[in-house]
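The values are calculated or read from the model by the stated rules, or taken from the named source; none is laboratory data. Treat the numbers as computed from the prediction; the structure is a model and nothing was measured. Methodologically, a virtual Cβ is constructed for each residue, glycine included, from the backbone with ideal geometry; neighbour enumeration extends over all protein chains shown.
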């Protein structure tokens, strides 16, 4: 089991390298550079900046130079936020985004999972239909509509919660952004869970369990929940990676100092190292979370445990 | 006369079938089964035999409408609530299904899936339930039972899984075992082993057995009495030996004639019954078998034949039963 896990992690290294390489050359292929401004810099200053960041060297040397730094855990300096290294920028924003994302994801799994199960058990009831209609709504209304609406209602009209900020009003700060972040996830997970539970409940082994005279709640809890959770789990891996690396919109609307904003800003500014840093961070998380899902699968499914 | 163990009267199962129509899976089925006796139900797929097995225990699909009466141990089962049905399911009536490969939960150990029955119905502790389960695995001839209990379904072959399912169904020593095509998905040799096992267990435990199959030979091997179903109705019933040698209903005779036989002369073609079973949503007027029947008389087109006792041993639902016409078996 442990060697299998290690092998899986090592197997991810080429994936990550490919990702870095692609991101590196794609950024360079994009027109413009980090020091382009509306008004051109004096040529001497531009040349000095280029030399400072090794941009005057051939591309392949820059690439090797970057990889060399990476091998030592150095993500390089940010081009835009002068005086900050990329690692520092990520380290300052990531914990904030991570806390927010973890809360949102936990809420989504608990609530989405529960609602999906209940909807599956009361299939075609009023509750089921209403919930699925709501879920459809939750999926189709974008974040940048939901977030301001939440602020309008809970912060401005009712005045229950702060409209934005981070670590200024205590836990209240997190409530609205967590809800805004979680809503589409709750909807997705509820739909997945419902479909998966309905399918599981039609399995032959559930019929066997019923023929044994077990009460329905025991059948759901002991026989159906685990197999019904597996498809949801596959979704959760990549989704969680996306959520904990922050949302541009949510962090912008609620003025939260996470790393979500770097994704867009760095690309627009041609902040090569920051883009790469964020891409590596995101890529590594996706790989890590998929790996965790695989491990969980192995724990849940006895057929995988042995092979 | 004392009431038999199981008495099914006028069982009707139907499904809604588009534009207010109704598909009749089972239309007025009656039979009885005494304690310790065996009854086989034979029919093609779609004849309603599996629906009957499910409906006995209220396990039919939610879309099904069930009517009639199912009395078991002196109690009406139809219309009981889930809680009351659960006290019968797996406790007084054991149920074994067709597909052993998918009928066990792949995520739970065999021990967990067996012991939970005893914990539920007998209130045993887990340890005691596991000990009883091991004894029952022993009884269905699974070696090294205690170790096997810790294993998962994928570590068992199809035949072994069916043994596990039979053992599970028998854990609470039910009065009746309903086996719905228990050997259909298995190899012939394994099938023979399972049939033999069922016979032995039945005698050891004094079980009544309701055995459902499409295979007349298999049923005749296991059961004293046989009921032949066609399009949701009983067309013939009687002692197994008599049905095999002297069928009275043209459908039974057709089933017998269409079996592949080893002792038939080489090159002799099989004689399938011409045509197909009717669509249960559009049953023909009169006898449902008439369109495929070689000996139909005018009454068959308008009158649904009732199952009438021909002698004390059995009955036949036909306007022109074969013996009456002096037509021997297999000549249809």
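Do we find a residue being closer than 23 Å to residue A:224 by Cα, in contact with a helix residue (DSSP H, G or I) (Cβ under 6 Å, 6 or more places away or on another chain) and surrounded by 14 or more Cβ atoms within 10 Å (Cβ to Cβ) anywhere in segment A:160-172? I'd like the intermediate steps shown before the answer.
Narrowing segment A:160-172 to residues closer than 23 Å to residue A:224 by Cα: none.
Checking segment A:160-172: not a single residue is closer than 23 Å to residue A:224 by Cα, in contact with a helix residue (DSSP H, G or I) (Cβ under 6 Å, 6 or more places away or on another chain) and surrounded by 14 or more Cβ atoms within 10 Å (Cβ to Cβ).
List pairs: first in segment A:39-55 and at negative phi, second in a helix (DSSP H, G or I) and surrounded by 15 or more Cβ atoms within 10 Å (Cβ to Cβ), Cβ under 8 Å, 6+ apart or cross-chain?
As it stands, the answer is A:40/A:46; A:41/A:49; A:55/A:49; A:55/A:62, since those pairs meet every condition given.
Take the conditions more than 33 Å from the chain's Cα centre (by Cα), modelled with pLDDT under 80 and surrounded by 11 or more Cβ atoms within 10 Å (Cβ to Cβ) and apply them to residue A:36. Does it pass?
Values: more than 33 Å from the chain's Cα centre (by Cα): no; modelled with pLDDT under 80: yes; surrounded by 11 or more Cβ atoms within 10 Å (Cβ to Cβ): yes.
Taking the combined requirement at face value, the residue does not satisfy it.
Report yes if some residue within segment A:227-235 is buried (at least 18 other Cβ atoms within 10 Å of the Cβ), within 9 Å of another protein chain (Cβ to nearest Cβ) and either in a helix (DSSP H, G or I) or touching a residue at least 40 places away in the same chain (Cβ under 8 Å) (or both); otherwise report no.
yes
For the structure I just gave you, tell me whether residue A:194 is surrounded by fewer than 22 Cβ atoms within 10 Å (Cβ to Cβ) and touching a helix residue (DSSP H, G or I) at 6+ places or on another chain (Cβ under 8 Å).
Criteria not met by residue A:194.
From the residues in segment A:58-82 that are over 19 Å from residue A:284 (Cα atoms) and in contact with a strand residue (DSSP E or B) (Cβ under 8 Å, 6 or more places away or on another chain), which one is surrounded by the most Cβ atoms within 10 Å (Cβ to Cβ)? Working first, answer last.
Kept after step one, since they are over 19 Å from residue A:284 (Cα atoms), are these residues of segment A:58-82: A:58-65, A:77-82.
With the extra rule that they be in contact with a strand residue (DSSP E or B) (Cβ under 8 Å, 6 or more places away or on another chain), the set shrinks to A:77-78.
Details: A:77: 21, A:78: 24.
Only one residue fits best here, namely A:78.
Exactly one condition in (1) touching a helix residue (DSSP H, G or I) at 6+ places or on another chain (Cβ under 8 Å); (2) over 30 Å from residue A:171 (Cβ atoms) is false for residue A:100; which is it?
(2)
Tell me, yes or no, whether segment B:138-152 has at least one residue that is at the interface with chain A (Cβ under 8 Å from one of its Cβ atoms) and either more than 26 Å from residue B:191 (Cα to Cα) or under 23 Å from the mean Cα position of the chain (by Cα) (or both).
Filtering segment B:138-152 down to residues at the interface with chain A (Cβ under 8 Å from one of its Cβ atoms) leaves B:152.
Right, trim to either more than 26 Å from residue B:191 (Cα to Cα) or under 23 Å from the mean Cα position of the chain (by Cα) (or both) and you get none.
Scanning segment B:138-152 turns up no residue that is at the interface with chain A (Cβ under 8 Å from one of its Cβ atoms) and either more than 26 Å from residue B:191 (Cα to Cα) or under 23 Å from the mean Cα position of the chain (by Cα) (or both).
Checking residue A:177 against (1) in a helix (DSSP H, G or I); (2) in contact (Cβ under 8 Å) with a residue 60 or more places away in the chain; (3) within 14 Å of chain B (Cβ to nearest Cβ): exactly one of these is not met. Which one?
The number of the failed condition is (3).
Residue A:222 is checked against (1) outside any helix (DSSP H, G or I); (2) within 14 Å of chain B (Cβ to nearest Cβ) and fails just one. What number does that condition carry?
(1)
Go through segment B:67-83 and count every residue that is buried (at least 20 other Cβ atoms within 10 Å of the Cβ) and either under 14 Å from the mean Cα position of the chain (by Cα) or part of a strand (DSSP E or B) (or both). Give the derivation first.
If we filter segment B:67-83 for residues that are buried (at least 20 other Cβ atoms within 10 Å of the Cβ), which is where we start, we get B:70, B:72, B:77.
Of the ones still in play, those that are also either under 14 Å from the mean Cα position of the chain (by Cα) or part of a strand (DSSP E or B) (or both) are B:70, B:72.
Adding up the residues that qualify gives 2.
Would you check which residues across segment A:155-165 are closer than 22 Å to residue A:97 by Cβ and modelled with pLDDT of 75 or more and list them?
Our first condition is that a residue be closer than 22 Å to residue A:97 by Cβ; within segment A:155-165, this holds for A:155, A:161-165.
Within segment A:155-165, A:155, A:161, A:162 meet the criteria.
For segment A:270-307, enumerate the residues that are assigned to a helix (DSSP H, G or I) and within 14 Å of chain B (Cβ to nearest Cβ).
Taking segment A:270-307 and keeping what is assigned to a helix (DSSP H, G or I), we get A:272-300, A:302-306.
Selection gives A:296, A:297, A:298, A:299, A:300, A:302, A:303, A:304, A:305, A:306.
Test residue B:129 against the criterion of being surrounded by fewer than 14 Cβ atoms within 10 Å (Cβ to Cβ) and without any contact (Cβ under 8 Å) to a residue 24 or more places away in the chain, and give yes or no. Steps first, answer last, please.
Numbers: surrounded by fewer than 14 Cβ atoms within 10 Å (Cβ to Cβ): no; without any contact (Cβ under 8 Å) to a residue 24 or more places away in the chain: yes.
The answer is no for residue B:129.
Answer yes or no: is there a residue in segment B:28-48 that is farther than 30 Å from residue B:199 by Cβ, away from chain A (no Cβ under 14 Å) and in a strand (DSSP E or B).
Within segment B:28-48 (the criterion being farther than 30 Å from residue B:199 by Cβ, away from chain A (no Cβ under 14 Å) and in a strand (DSSP E or B)), the answer is yes, since at least one residue qualifies.
Being within 14 Å of chain B (Cβ to nearest Cβ) and out of contact with any strand residue (DSSP E or B) (no Cβ under 9 Å at 6 or more places or on another chain) narrows it down to one of A:215, A:238, A:257, so name that one.
Numbers: A:238 fails: within 14 Å of chain B (Cβ to nearest Cβ); A:257 fails: within 14 Å of chain B (Cβ to nearest Cβ).
From the options A:215, A:238, A:257, the qualifying one is A:215.
Given the conditions (1) away from chain A (no Cβ under 14 Å); (2) farther than 30 Å from residue A:297 by Cβ; (3) in a loop (DSSP other than H, G, I, E, B), report the number of the one that residue B:189 does not fulfil.
(3)
Could you tell me whether segment A:199-207 includes any residue that is within 25 Å of residue A:125 (Cα to Cα) and either outside any helix (DSSP H, G or I) or more than 14 Å from chain B (Cβ to nearest Cβ) (or both)? Walk me through how you get there before you give the answer.
In the first step, residues of segment A:199-207 are kept if they are within 25 Å of residue A:125 (Cα to Cα); the result is A:199-207.
With the extra rule that they be either outside any helix (DSSP H, G or I) or more than 14 Å from chain B (Cβ to nearest Cβ) (or both), the set shrinks to A:202-203.
Yes, segment A:199-207 has at least one match.
In the list A:248, A:278, which residue meets the criterion of being closer than 28 Å to residue A:27 by Cα and either buried (at least 18 other Cβ atoms within 10 Å of the Cβ) or at pLDDT 90 or above (or both)?
Exactly one residue qualifies, and that residue is A:278.
What is the number of the single condition among (1) without any contact (Cβ under 8 Å) to a residue 40 or more places away in the chain; (2) surrounded by fewer than 24 Cβ atoms within 10 Å (Cβ to Cβ); (3) within 22 Å of residue B:202 (Cβ to Cβ) that residue B:140 does not meet?
For residue B:140, the exception is condition (1).
Please go through segment B:285-299 and pick out each residue that is free of Cβ contacts under 8 Å to residues at least 12 places away in the same chain and in contact with a helix residue (DSSP H, G or I) (Cβ under 9 Å, 6 or more places away or on another chain). Break it down stepwise before answering.
Residues of segment B:285-299 that are free of Cβ contacts under 8 Å to residues at least 12 places away in the same chain, as a first pass: B:290, B:298.
Scanning segment B:285-299 gives a single hit, B:290.
Pick from segment B:100-127 the residues that are in contact with a helix residue (DSSP H, G or I) (Cβ under 6 Å, 6 or more places away or on another chain) and over 18 Å from residue B:151 (Cβ atoms): which of them is farthest from the other protein chains (Cβ to nearest Cβ)?
Residue satisfying both the conditions and the ranking: B:124.
Against the definition (farther than 30 Å from residue B:176 by Cβ, within 14 Å of another protein chain (Cβ to nearest Cβ) and in contact (Cβ under 8 Å) with a residue 60 or more places away in the chain), how does residue A:186 come out, yes or no?
Numbers: farther than 30 Å from residue B:176 by Cβ: yes; within 14 Å of another protein chain (Cβ to nearest Cβ): no; in contact (Cβ under 8 Å) with a residue 60 or more places away in the chain: yes.
Criteria not met by residue A:186.
Being under 18 Å from the mean Cα position of the chain (by Cα) and either in a helix (DSSP H, G or I) or at negative phi (or both) is true for just one of B:248, B:261, B:202. Which residue is that? Quick ask: steps written out before the conclusion?
Working: B:248 fails: under 18 Å from the mean Cα position of the chain (by Cα); B:261 fails: under 18 Å from the mean Cα position of the chain (by Cα).
Only one candidate passes the filter, namely B:202.
Looking at segment B:5-24 only, could you name the residues that are at negative phi and at pLDDT 90 or above? First the steps, then the outcome.
Looking only at segment B:5-24, we keep the residues that are at negative phi, and these are B:5-9, B:11-17, B:21-24.
Of everything in segment B:5-24, those that are at negative phi and at pLDDT 90 or above turn out to be B:5, B:6, B:7, B:8, B:9, B:11, B:12, B:13, B:14.
Can you tell me how many residues within segment B:61-99 are within 11 Å of chain A (Cβ to nearest Cβ) and out of contact with any strand residue (DSSP E or B) (no Cβ under 6 Å at 6 or more places or on another chain)?
Number satisfying all stated conditions: 14.
Working carefully through the options A:150, A:139, find the one that is part of a helix (DSSP H, G or I) and under 20 Å from residue A:102 (Cβ atoms).
Of the residues listed, the single one that is part of a helix (DSSP H, G or I) and under 20 Å from residue A:102 (Cβ atoms) is A:150.
Residue B:181 versus (1) surrounded by 23 or more Cβ atoms within 10 Å (Cβ to Cβ); (2) in contact with a strand residue (DSSP E or B) (Cβ under 6 Å, 6 or more places away or on another chain): which is the lone unmet condition?
(1)
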